[in-house]
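The values are calculated or read from the model by the stated rules, or taken from the named source; none is laboratory data. Just so it is clear, the structure is predicted and the values come from calculations on it, not from any experiment. Cβ sites come from the backbone with ideal geometry, for glycine too, and all protein chains shown count toward neighbours. Just so you know, the surface numbers come from the protein's heavy atoms only, side chains and all, with ligands and any DNA or RNA stripped out. Shrake-Rupley method; radii C 1.70, N 1.55, O 1.52, S 1.80 Å.
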Amino acid sequence: PKAESVDLALTGGQSTIALRAPAHPMFQDVLAGLAAAGEHAPGIAAPSANLFGRVSPTTAEHVIAELGDLLGADDMVLDGGPASIGVESTIVLCDPTGVRIARAGGISVERLSEFVDIAAADEVGPSSVRVPGGLESHYAPTARVTLVSNAAELETVRQTHLLGSDVGVIGLAHDLALCPPNWMRLAQPLTSDEYAHELYASLRRADELGLTHVIALAPPPAGIGAAITDRLKRAST
């Protein structure tokens, strides 16, 4: 729950506030600089550096490509290198009914369960708390995204896009062996961690290449796979 001193503009009109402490050394330097300037318990309130509903940026180049026309002469983009994980942070909701994941992200439910009991959604009941990226449609490129969860679904999609001249595909390398060879391989990571790291850059590349369709093969649900599938479901809506 937010303190009374926290303006509703910072919480989207909600009674709860999400707090995050990035480990990135450049961001730590920014916070240290604010503290040195006399700011008490410094922090920054900011949205994601992308247009609403669009694919998240994972490099400074992505930010400039999407928001460059909106930046003024005094605006700066701090380039700390490519995002190390690739998908957004996990949001955990703590209230009297229990502790649960409100948005899957870089820290998996398995990892969180090492420290606290995570309640399933049906155990704690519905919540009125809205989280960033929680809309049914989000993280979407211009190309149409189709999420494939099993071999039967892949076969259906394969018959539809047999020619494949305007189709790109993302999936674990061993899964891509089932795809037509003329589908453009936008990313073929070996692990789910690599999949997360390459996901958004691959969706952006599809638009850069003018592809009309992206076929995304879901990774296993364990670990960060849950967050990847969540993002792809929203991108495909």
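Take the range 1-44 and flag every residue that is over 19 Å from residue 88 (Cβ atoms) and among the hydroxyl-bearing types (Ser, Thr, Tyr).
5, 15
When you scan the range 203-226, how many residues do you find that are assigned to a loop (DSSP other than H, G, I, E, B), open to solvent by less than 50 Å² (accessible area, probe 1.4 Å) and over 19 Å from residue 87 (Cα atoms)? I'd like the intermediate steps shown before the answer.
Looking only at the range 203-226, we keep the residues that are assigned to a loop (DSSP other than H, G, I, E, B), and these are 209-212, 218-224.
Now narrow it down to the ones that are open to solvent by less than 50 Å² (accessible area, probe 1.4 Å): 211, 218-219, 223-224.
Within this subset, residues satisfying the condition of being over 19 Å from residue 87 (Cα atoms) are 211.
Adding up the residues that qualify gives 1.
Here are the criteria: (1) under 17 Å from the mean Cα position of the chain (by Cα); (2) surrounded by 14 or more Cβ atoms within 10 Å (Cβ to Cβ). Tell me which single one residue 53 does not satisfy.
Against the list (1) under 17 Å from the mean Cα position of the chain (by Cα); (2) surrounded by 14 or more Cβ atoms within 10 Å (Cβ to Cβ), residue 53 comes up short only on (2).
Which pairs turn up if I take residues in the range 14-42 that are closer than 17 Å to residue 78 by Cβ and look for partners that are open to solvent by 50 Å² or more (accessible area, probe 1.4 Å) and assigned to a loop (DSSP other than H, G, I, E, B) with beta carbon separation below 7 Å, at least 6 apart in sequence or on another chain?
26/78
With respect to residue 68, determine if the residue is touching a His at 6+ places or on another chain (Cβ under 6 Å), of a type in the set (Gly, Ala, Ser), over 22 Å from residue 232 (Cα atoms) and open to solvent by less than 40 Å² (accessible area, probe 1.4 Å). Explain how you work it out, then say what you get.
Details: touching a His at 6+ places or on another chain (Cβ under 6 Å): no; of a type in the set (Gly, Ala, Ser): yes; over 22 Å from residue 232 (Cα atoms): yes; open to solvent by less than 40 Å² (accessible area, probe 1.4 Å): yes.
For residue 68, the condition - touching a His at 6+ places or on another chain (Cβ under 6 Å), of a type in the set (Gly, Ala, Ser), over 22 Å from residue 232 (Cα atoms) and open to solvent by less than 40 Å² (accessible area, probe 1.4 Å) - is not met.
Would you confirm whether any residue within the range 14-33 is among the aromatic types (Phe, Trp, Tyr) and part of a helix (DSSP H, G or I)?
Within the range 14-33 (the criterion being among the aromatic types (Phe, Trp, Tyr) and part of a helix (DSSP H, G or I)), the answer is yes, since at least one residue qualifies.
Can you work out which of the residues in the range 13-43 that are at pLDDT below 90 and either under 21 Å from residue 106 (Cα atoms) or touching a Phe, Trp or Tyr at 6+ places or on another chain (Cβ under 7 Å) (or both) is least open to solvent (accessible area, probe 1.4 Å)?
Of everything passing the filter in the range 13-43, 22 is least open to solvent (accessible area, probe 1.4 Å).
For the range 134-143, check the following and say yes or no: at least one residue is modelled with pLDDT of 90 or more and under 14 Å from residue 231 (Cα atoms).
Yes.
If you go through the range 147-164 one residue at a time, how many are in contact (Cβ under 8 Å) with a residue 12 or more places away in the chain and either open to solvent by 60 Å² or more (accessible area, probe 1.4 Å) or among the small types (Gly, Ala, Ser) (or both)?
Keep residues of the range 147-164 that are in contact (Cβ under 8 Å) with a residue 12 or more places away in the chain, which gives 147-149, 151, 154, 157-158, 161-164.
Filter once more, so that each one left must be either open to solvent by 60 Å² or more (accessible area, probe 1.4 Å) or among the small types (Gly, Ala, Ser) (or both): 149, 151, 158, 162-164.
So the answer is 6.
From 78, 93, which residue is open to solvent by less than 40 Å² (accessible area, probe 1.4 Å), touching a residue at least 12 places away in the same chain (Cβ under 8 Å) and either of a type in the set (Phe, Trp, Tyr) or over 18 Å from residue 229 (Cα atoms) (or both)?
One residue alone meets the criteria, 93.
Which residue out of 144, 185 is without any contact (Cβ under 8 Å) to a residue 24 or more places away in the chain and touching a strand residue (DSSP E or B) at 6+ places or on another chain (Cβ under 8 Å)?
185
Among the residues of the range 165-202, write down those that are part of a loop (DSSP other than H, G, I, E, B), modelled with pLDDT of 95 or more and either open to solvent by less than 40 Å² (accessible area, probe 1.4 Å) or in contact with a His (Cβ under 7 Å, 6 or more places away or on another chain) (or both). Walk me through how you get there before you give the answer.
Let us first name the residues in the range 165-202 that are part of a loop (DSSP other than H, G, I, E, B), namely 165-166, 171-172, 177-183, 188-191.
Keeping just the survivors that are modelled with pLDDT of 95 or more gives 171-172, 188-191.
Of everything in the range 165-202, those that are part of a loop (DSSP other than H, G, I, E, B), modelled with pLDDT of 95 or more and either open to solvent by less than 40 Å² (accessible area, probe 1.4 Å) or in contact with a His (Cβ under 7 Å, 6 or more places away or on another chain) (or both) turn out to be 171, 172, 189.
Answer with yes or no whether residue 136 is open to solvent by 10 Å² or more (accessible area, probe 1.4 Å), out of contact with any helix residue (DSSP H, G or I) (no Cβ under 8 Å at 6 or more places or on another chain) and acidic (Asp, Glu). Break it down into steps so the answer makes sense when it comes.
On the way: open to solvent by 10 Å² or more (accessible area, probe 1.4 Å): yes; out of contact with any helix residue (DSSP H, G or I) (no Cβ under 8 Å at 6 or more places or on another chain): no; acidic (Asp, Glu): yes.
For residue 136, the condition - open to solvent by 10 Å² or more (accessible area, probe 1.4 Å), out of contact with any helix residue (DSSP H, G or I) (no Cβ under 8 Å at 6 or more places or on another chain) and acidic (Asp, Glu) - is not met.
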